[in-house]
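Every read-out reported here was derived from the displayed coordinates using simple, explicitly stated rules and does not represent laboratory data. Being a predicted model, the structure only gives us computed values, none of them experimental. All Cβ positions, even for glycine, are placed from backbone atoms using ideal geometry, and neighbour counts span all protein chains on display.
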Amino acid sequence: MEEKTFKIPNISCGHCTAAIRNELTELAGVVQVDGNPGEKTVTVQWEAPATEAGILARLKEINYPPAG
């Protein structure tokens, strides 16, 4: 299992993190998504067939691209 925390500047509230969680958990292999609106971060845990590239692509697609 892999885990990474993404810094997402577009997060402004709990609704943003809920939207991200809903979208990412639709990806096969994504196990858990925890958002922190105060720090503007989302921590994602995943296993195959999910990939970091796939998660990044979905975040960009839903207008929550990670910083850096």
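A few remarks follow.
- Residue match in region 23-36 (condition: surrounded by 16 or more Cβ atoms within 10 Å (Cβ to Cβ) and either more than 11 Å from the chain's Cα centre (by Cα) or of a type in the set (K, R) (or both)): no
- Filtering region 37-55 to residues that are closer than 16 Å to G68 by Cβ and exposed (fewer than 13 other Cβ atoms within 10 Å of the Cβ) leaves E39, E52, A53.
- Members of region 27-68 that are of a type in the set (D, E) and within 12 Å of I8 (Cα to Cα): E39
- K40 satisfies every condition listed in (1) in contact (Cβ under 8 Å) with a residue 12 or more places away in the chain; (2) on the phi < 0 side of the Ramachandran plot except (2).
- Single residue of region 1-14 satisfying the filter (farther than 13 Å from I62 by Cβ and not small (G, A, S)) that is surrounded by the fewest Cβ atoms within 10 Å (Cβ to Cβ): M1
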